[in-house]
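Here you go, one structure.
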Amino acid sequence: MFMDQVSVFIENRKGRLDDVLETLKREDINIQSLSLADTSEYGVLRLIVSDPQKAQDALKASGFSAMLTKVLAITLTHRAGMLQKIIGILGKENINIEYMYSISSGTEDMPLVLKTSDIERTLEIVREQGAEIYTG
Amino acid sequence: MIWAKEETLSRKEIEEIQLFRLQETVNRVYEKVPYYRRKMEESGVKPEDIRQLEDLQRLPFVTKQDMRDTYPFGLFAVPKEKLVRIHASSGTTGKPTVVGYTKKDLEVWTECVSRIAAMGGATSKEVAQICFGYGMFTGALGLHYGLENMGAAIVPSSTGNTEKQLMFMKDFGTTLLVATPSYALRIAEVAQQLGIDPKTDLQVKIALVGSELLTDAMRKEMHKMWGNDMLVTSNYGMSELMGPGVSGECLELNGMHINEDYFIPEIIDPKTGEVLPPGEKGELVITCIYKEALPLIRYRTKDVTRLMYEPCKCGRTTCRMENLDGRTDDMLKIRGVNVFPSQIEEVLLGIEEIGPHYEIIVTREGHTDKLEIRVELLTESMTDSYQALEAIEKKIKARLRVVLGLDAKIKLESPNTIQRFEGKAKRVKDLRKEG
């Protein structure tokens, strides 16, 4: 149900992102989605890839600090207000959304990756609301 | 094991030997070294004025600048034909400092190092791998001769090619490692990368480290990587004085025993040059009293320490110098605050989320000094969270503020991005322009 997201620590330095991408290309790993926030010194690159374990191993072997994180991806079929409803419930239950970003699925749907402070409970809520879980 | 009976003499006996040898040395340099004679004449002191040990204070200091001014052989007290070895310091700025040895000097040097190896727990059974760079640097050959004299089997592997070092270490059953603390840690790190656990797959149980500060935190790190049962001792020396062998730590780990029958230590106030009473901290000044080729008198080491004359639990009676905090010339003045890199190291090594390698960068923006410290993330468990990363930064900053009274910028980096060193680590970059 959950997806393994690869998180990589990268210094804000020329060529570091390229090093990550080069490592993944060498291992023939396909990137489905990627998110990188903007800070002055370093960033955390979050990736949804075809083979997360292989990606983590390859990145660590190349000297990166990389870990796997369980995230939830949901497909929002075009029903107005679905996301708002889910977020509302999370808020009531004091579950914090740490980050979210979208995946390109190649269809009209736009799956959303969600990381919350309580990912198990989030899954239950999402199911209760009838949202579709995206598993790649 | 105590190597020589000279290490257990009474204070009176030691002082008798020291006075006799000091008088002989002062007479000799006055006769043979015009530079010394001139300096002594300028200070208005003659060899016959040295009647007791305290009279040493009347003699002028010798500094590295004196050695540069007399490059290469101007301070030597023997003709060149008597030399059997010449070494030189690395000399990053200006001319290197050149040191020479007669046959007898080499014998004394060897004896001094054998004593220090014994202090660190070495016996004739060791297989001793010397991972200091061989060459003009005195460290490698000094330890080499001293340990060989003791009966140990020497593996002169020098620095570099760490994987091969490890192969020798494993296949030869190396029991004793000679290296800088930072290279010793590097070797353990490479071992782990190769799937070798230094604690169980290697037999290295003694480390004689030198040429770089060994802080308590660094010693802890050594034990973490190499095993708690490893005997880690530091030893002290500098090529100007002889090389390694001036002093060394015994297994009581309570300061470094000075080979007092060959060297007289003094502690001075580095600003006024005044001698400080025993127990006070200041700059170490050493007089060589049993050297033929280069008997430096009152050489200012720029190292900061204090002297302890109480006999040690190990049975030795020789004076001990406290393990060093830093060198007066390593000290950084940042926004008016005196900072020793070793203080920063102590803080960093106490933080488990980061590795033992670091770099200190000092810059100046406008009129303000900026202190920046690069560190490596050790565990990946916080890689997904900006909050966790910021929390580490904040923790390091807060601890540094307590110790230094200064704010520093912390730069987190990926593992293995900060430079590793095989010889003396150069962890400070002071990029400020003068003024």
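Only one of B:Glu48, B:Glu7 is part of a helix (DSSP H, G or I) and under 24 Å from the mean Cα position of the chain (by Cα). Can you tell me which?
Residue meeting the stated conditions: B:Glu7.
Note down all Cβ pairs under 8 Å where the first residue falls in region B:152-166 and is in a loop (DSSP other than H, G, I, E, B), the second is buried (at least 17 other Cβ atoms within 10 Å of the Cβ) and among the β-branched types (Val, Ile, Thr), and they're at least six residues apart or on different chains.
B:Ala152/B:Val127; B:Pro156/B:Ile130; B:Ser157/B:Ile130; B:Ser158/B:Ile130
Another one. Report yes if some residue within region B:218-226 is in contact (Cβ under 8 Å) with a residue 12 or more places away in the chain, of a type outside the set (A, V, I, L, M) and farther than 26 Å from B:Met150 by Cβ; otherwise report no.
yes
Pairs, please: C-beta under 7 Å, at least 6 apart or cross-chain, first residue closer than 17 Å to B:Glu212 by Cα and in region B:330-347, second among the polar types (S, T, N, Q)?
Hits for this filter: B:Met331/B:Asn338; B:Ser342/B:Thr215; B:Glu345/B:Thr215; B:Glu346/B:Thr215.
OK, next. For region B:76-146, please list each of the strands (runs of 3 or more DSSP E) lying entirely inside it that holds at least 3 residues being in contact with a Leu (Cβ under 9 Å, 6 or more places away or on another chain) and either of a type in the set (Phe, Trp, Tyr) or in contact (Cβ under 8 Å) with a residue 60 or more places away in the chain (or both).
B:98-102
Of everything in region A:81-107, what is in a loop (DSSP other than H, G, I, E, B) and free of Cβ contacts under 8 Å to residues at least 24 places away in the same chain? Give them in sequence order.
The answer is A:Gly81, A:Asn94, A:Asn96, A:Gly106, A:Thr107.
Is it true that B:Gly423 is away from every other protein chain (no Cβ under 13 Å) and at positive phi?
no
I need the full set of residues from region B:327-350 which are under 30 Å from A:Leu68 (Cβ atoms) and crowded, with 17+ Cβ neighbours inside 10 Å, in order please.
Selection gives B:Leu348, B:Leu349.
Within region B:242-255, which residues are touching a strand residue (DSSP E or B) at 6+ places or on another chain (Cβ under 8 Å) and either crowded, with 24+ Cβ neighbours inside 10 Å or among the acidic types (Asp, Glu) (or both)?
Result: B:Met242, B:Gly243, B:Pro244, B:Gly245, B:Val246, B:Ser247, B:Gly248, B:Glu249, B:Cys250.
If B:Ile196 satisfies every condition in (1) of a type in the set (A, V, I, L, M); (2) closer than 18 Å to B:His223 by Cα; (3) not in a loop (DSSP other than H, G, I, E, B) but one, which is the exception?
Tallying (1) of a type in the set (A, V, I, L, M); (2) closer than 18 Å to B:His223 by Cα; (3) not in a loop (DSSP other than H, G, I, E, B), B:Ile196 fails exactly one: (3).
Suppose the filter is closer than 22 Å to B:Asp261 by Cβ and buried (at least 18 other Cβ atoms within 10 Å of the Cβ); does B:Val78 pass it?
It is true that B:Val78 is closer than 22 Å to B:Asp261 by Cβ and buried (at least 18 other Cβ atoms within 10 Å of the Cβ).
Look through B:Leu324, B:Leu296, B:Leu307 and report the one residue that is closer than 22 Å to B:Leu59 by Cα, among the hydrophobic types (A, V, I, L, M, F, W, C) and touching a helix residue (DSSP H, G or I) at 6+ places or on another chain (Cβ under 9 Å).
Result: B:Leu296 is the single residue among B:Leu324, B:Leu296, B:Leu307 that is closer than 22 Å to B:Leu59 by Cα, among the hydrophobic types (A, V, I, L, M, F, W, C) and touching a helix residue (DSSP H, G or I) at 6+ places or on another chain (Cβ under 9 Å).
If you don't mind, there's one more thing I want to ask. Taking the options B:Glu260, B:Glu240, name whichever one is part of a loop (DSSP other than H, G, I, E, B) and within 14 Å of B:Tyr309 (Cα to Cα).
On inspection, the qualifying residue turns out to be B:Glu260.
Here is a follow-up. Show the residue pairs meeting these rules: Cβ distance below 6 Å; 6+ apart or different chains; first residue within region A:7-21 and farther than 15 Å from B:Met382 by Cβ and more than 9 Å from chain B (Cβ to nearest Cβ); second residue acidic (Asp, Glu) and in a loop (DSSP other than H, G, I, E, B).
A:Asn12/A:Glu41
Moving on. Return the only residue of B:Gly405, B:Gly366 being of a type in the set (Gly, Ala, Ser), more than 22 Å from A:Asn12 (Cβ to Cβ), without any contact (Cβ under 8 Å) to a residue 60 or more places away in the chain and more than 14 Å from chain A (Cβ to nearest Cβ).
B:Gly366
Still on this structure, I have one more. Only residues that are more than 9 Å from chain A (Cβ to nearest Cβ), free of Cβ contacts under 8 Å to residues at least 40 places away in the same chain and crowded, with 21+ Cβ neighbours inside 10 Å: list them for region B:374-391, please.
none
Taking only region A:27-80 into account, find how many residues are surrounded by 14 or more Cβ atoms within 10 Å (Cβ to Cβ), outside any strand (DSSP E or B) and touching a residue at least 12 places away in the same chain (Cβ under 8 Å).
The number of residues fulfilling the criteria is 15.
Further, regarding this structure: Of the numbered conditions (1) assigned to a helix (DSSP H, G or I); (2) within 11 Å of chain A (Cβ to nearest Cβ); (3) of a type outside the set (A, V, I, L, M), B:Lys394 fails exactly one; give the number of that condition.
(2)
Would you check if B:Lys411 is outside any loop (DSSP other than H, G, I, E, B), over 26 Å from the mean Cα position of the chain (by Cα), among the charged types (D, E, K, R) and within 14 Å of chain A (Cβ to nearest Cβ)?
Yes, satisfied.
Can you find even one residue in region B:15-36 that is touching a residue at least 60 places away in the same chain (Cβ under 8 Å), assigned by TED's automatic domain parsing to the domain that holds B:Lys313, polar (S, T, N, Q) and out of contact with any strand residue (DSSP E or B) (no Cβ under 6 Å at 6 or more places or on another chain)?
Looking through region B:15-36, at least one residue is touching a residue at least 60 places away in the same chain (Cβ under 8 Å), assigned by TED's automatic domain parsing to the domain that holds B:Lys313, polar (S, T, N, Q) and out of contact with any strand residue (DSSP E or B) (no Cβ under 6 Å at 6 or more places or on another chain).
Please find, within region B:345-363, the residue that is nearest to the other protein chains (Cβ to nearest Cβ) out of those that are at pLDDT 90 or above and in a strand (DSSP E or B).
B:Ile354
Take the residues of region A:48-86 that are out of contact with any helix residue (DSSP H, G or I) (no Cβ under 6 Å at 6 or more places or on another chain) and polar (S, T, N, Q): which is modelled with the lowest pLDDT?
Filtering first and then ranking leaves A:Thr77.
Among the residues of region B:263-292, what is the count of those that are outside any strand (DSSP E or B) and either surrounded by fewer than 23 Cβ atoms within 10 Å (Cβ to Cβ) or polar (S, T, N, Q) (or both)?
Qualifying residue count, region B:263-292: 14.
The values are calculated or read from the model by the stated rules, or taken from the named source; none is laboratory data. Small disclaimer: the values here were computed from a predicted structure and weren't measured. All Cβ positions, glycine included, derive from the backbone under ideal geometry; neighbour counts span all protein chains shown.
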